[in-house]
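Worksheet for the structure shown next.
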Amino acid sequence: MVTGMDIHAGIYGRQSVGRANKSEVSTVTQRAAGVAEAKRRGAVSITEYEDLGLSAFTGDGRPDFDRLLKDCHGGRINLITVYYISRLSRMDPLDAIPIVTELLNLGVTIVSLTEGEFRKGNLMDLIHLILRLDAAHSESKNKSDAVRGAKRTARELGGYVGGKPPYGFHMVPATRTTPDGRPVVIHVLEPDPDEVPVIRDMWARIKEHKDMPYRPGGGRRHPGSLTGVCAQMTADGVPTKGQRVGKKTKDSVWDPKTAMRILRDPRIAGYAATPVYKRREDGKLTSTIESYRIERDPETMKPVQAYAPIIPPDDWHELQKWLDGRGQGKGLARGHAVLSAMDVLFCDCGAVMTSHRATTPNKAAYRCRRRKALPGQHEGECTISMQTLDVYVARRIFAVIQTAEDDPGTAVILAEAARRHAVQTEQPEIVGERRSLVAERADAKHTLEELYDREEAGDYDDPVGRRRFRERRQRLLGRMDRAEARLVELEEAVTPTLPIHLWLPVGAGDVDPVGEGSWWEAATTQERRDFVKLFVRRVTVSKASGAGRSTPVEKRATVEFVRPEQTEGDGAEADESRQREVIAVGVCRAAEPR
């Protein structure tokens, strides 16, 4: 606590950018000058407070400023020194005055090293302080408005205003002319000659090896995985962007998340695009890129080509389809196990089952990966013959296909399998366009909701605001309608048919569908995986009934088949009826000899 007339000083420094060599006096200089002033005034204690990289204009949290206020209220500080009064606040004076007035009423003296002293009881001091707060706020508001205006002009002229250039590009100055004939210098993106070969080499490695099966273990990495590509680039000494241009990031290394972000960027395919950032639970944007929004022609909804492509668009879409398969449970083409590579095989205790390799195929097995039993779960290992389970699941699938005409209930399963097959075999550029359109529609919807929230809050009460609100709402509704129309076109262009004639040739008669001479027997591991994934949602295996006993596979394994997702508000019977009509046509067409 402050005692008597002793001076207990709080030195506050703030800088809205984290660099000391820019337009504002650094916090180091601010604090040093404040300490010198406090000592000159005979302060018996000096406490330093600093908020670096935080704005006093936005009103967002400033931890050390809040700590300073708390210490003033607690009687531990009775003198505040700042370099400029704007270091204390650039908020609207109506918001800032209650704070500083309360400090003055607490007996706190505020000293600006460049603008003088402000204390309680002096009306002119208070008037002077209000004027300085208003000037600081106006300066920040004008600067903010000017920056926004400059960015808007640059963006309209094709300039890049997204901060640091994305990997694969660098910024170059270019002169453009505004509609009123005024020349403006902007920055545009151009492919970086040092980084373009790196991106192309990443894709070349992935394309060459992405479908190769491999045996994990022993420290081996799949050369076509993101981890394998990053490891190879590190071994080859390929510098990251941080190593090339950043002092703080000079020790950065290649990692799969960075590679994923680079390869996901539509700009490497030449498309005009803007990042979509993740939002916190409170709705505020973060600096983490969630996805990208490809800019489209407002009439045709075709992507806008803005750059020379680093990777051809067709290759980029193929790459996106491959990247969609990355992630936990999606795995690469490992070994020769069919079911454990697709996130469909589980033990009845809930744990995943993985393949256990053996020297001979008939000894290979699937094994529960659970490490410790909980109450109600099986004790000991739960394993099942890989060959036995694979064949059983395949027979169940073929039974569904063969009974489709006689059992209407299986039509729903085949309808969903047909839809999955259409997606599985769809051209990558169509897959990419659909994904982009869904993101476009979601982004427009989210922005429209924000617009309505602002309208309800009264942000558009004046005539100009109402006009701008209507114009922006119309643009957003148009974006949603055009995206929806194009999605409908893509859906209508898809013919969901299954190649049943390949799996069960016409005239095969009573040939065992998984026996000698069958499609299943000749299929590769990946072809079998693709086939199973069309029909099966989950396979659950229970533990054998007892040690040394042979429990039939049909009593241990439960196969859950895929089902189409229900549309909200749509009757299940009507949906199932439509699915039957679609699949009946698809099955008949697929079964016709060619």
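The values are calculated or read from the model by the stated rules, or taken from the named source; none is laboratory data. What you are looking at is a predicted structure, and each value in this text was computed from that prediction instead of being measured. When we count neighbours, we look across all protein chains shown, and the Cβ atoms used for this are built from the backbone with ideal geometry, even at glycine.
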Subject >> Answer from VAL514, VAL438 - the residue that is closer than 30 Å to GLY350 by Cα and in contact (Cβ under 8 Å) with a residue 12 or more places away in the chain >> reply: VAL514
Original post:
How many residues, within segment 372-384, are out of contact with any Cys (no Cβ under 9 Å at 6 or more places or on another chain) and buried (at least 16 other Cβ atoms within 10 Å of the Cβ)?
Top reply: 1
Original post:
Does ALA404 fit the bill of being of a type in the set (Gly, Ala, Ser), on the phi < 0 side of the Ramachandran plot and at pLDDT 85 or above?
Top reply: no
Subject >> Every residue from segment 476-506 that is free of Cβ contacts under 8 Å to residues at least 24 places away in the same chain and surrounded by 13 or more Cβ atoms within 10 Å (Cβ to Cβ) >> reply: PRO505
Original post:
Among the residues of segment 241-260, which ones are under 16 Å from LEU189 (Cβ atoms) and either touching a His at 6+ places or on another chain (Cβ under 7 Å) or surrounded by 15 or more Cβ atoms within 10 Å (Cβ to Cβ) (or both)?
Top reply: LYS241
**OP:** Report yes if ARG470 is over 21 Å from VAL488 (Cβ atoms) and not β-branched (Val, Ile, Thr), otherwise no.
**Re:** yes
Original post:
Looking at ILE130, ILE97, which is the one that is in contact with a helix residue (DSSP H, G or I) (Cβ under 9 Å, 6 or more places away or on another chain), at pLDDT below 70, among the β-branched types (Val, Ile, Thr) and assigned by TED's automatic domain parsing to the domain that holds GLN15?
Top reply: ILE130
Subject >> Residue in segment 290-310 that is polar (S, T, N, Q), in contact (Cβ under 8 Å) with a residue 12 or more places away in the chain, assigned to a strand (DSSP E or B) and farther than 18 Å from ASP443 by Cα present >> reply: yes
**OP:** Under 7 Å between Cβ atoms, at least 6 apart or on separate chains: pull out the pairs that start in segment 263-286 with a residue that is more than 28 Å from GLN305 (Cβ to Cβ) and at pLDDT 75 or above and end on any residue that is outside any loop (DSSP other than H, G, I, E, B) and among the hydroxyl-bearing types (Ser, Thr, Tyr).
**Re:** ARG279/THR286; ARG280/THR286; THR286/TYR277
Subject >> Tally of residues being small (Gly, Ala, Ser), farther than 20 Å from PRO552 by Cα, assigned to a helix (DSSP H, G or I) and touching a residue at least 12 places away in the same chain (Cβ under 8 Å) across segment 388-414 >> reply: 1
**OP:** Give the residue, chosen from ARG367, ARG419, ARG371, ARG357, that is at pLDDT 85 or above and of a type in the set (Lys, Arg).
**Re:** ARG367
**OP:** Please specify each residue of segment 374-387 satisfying the condition of being modelled with pLDDT of 85 or more and either within 37 Å of the chain's Cα centre (by Cα) or assigned to a loop (DSSP other than H, G, I, E, B) (or both).
**Re:** CYS382, MET386
Subject >> Lone unmet requirement of (1) within 21 Å of LEU477 (Cα to Cα); (2) assigned to a helix (DSSP H, G or I); (3) free of Cβ contacts under 8 Å to residues at least 12 places away in the same chain for TYR460 >> reply: (2)
Subject >> Among (1) at pLDDT 80 or above; (2) surrounded by fewer than 17 Cβ atoms within 10 Å (Cβ to Cβ), the one test that ALA457 misses >> reply: (1)
Original post:
Only one of (1) surrounded by 14 or more Cβ atoms within 10 Å (Cβ to Cβ); (2) modelled with pLDDT under 75 fails for ALA9. Which number is that?
Top reply: (2)
Original post:
Is it true that ARG589 is modelled with pLDDT of 50 or more and either in a helix (DSSP H, G or I) or not assigned by TED's automatic domain parsing to the domain that holds GLN402 (or both)?
Top reply: no
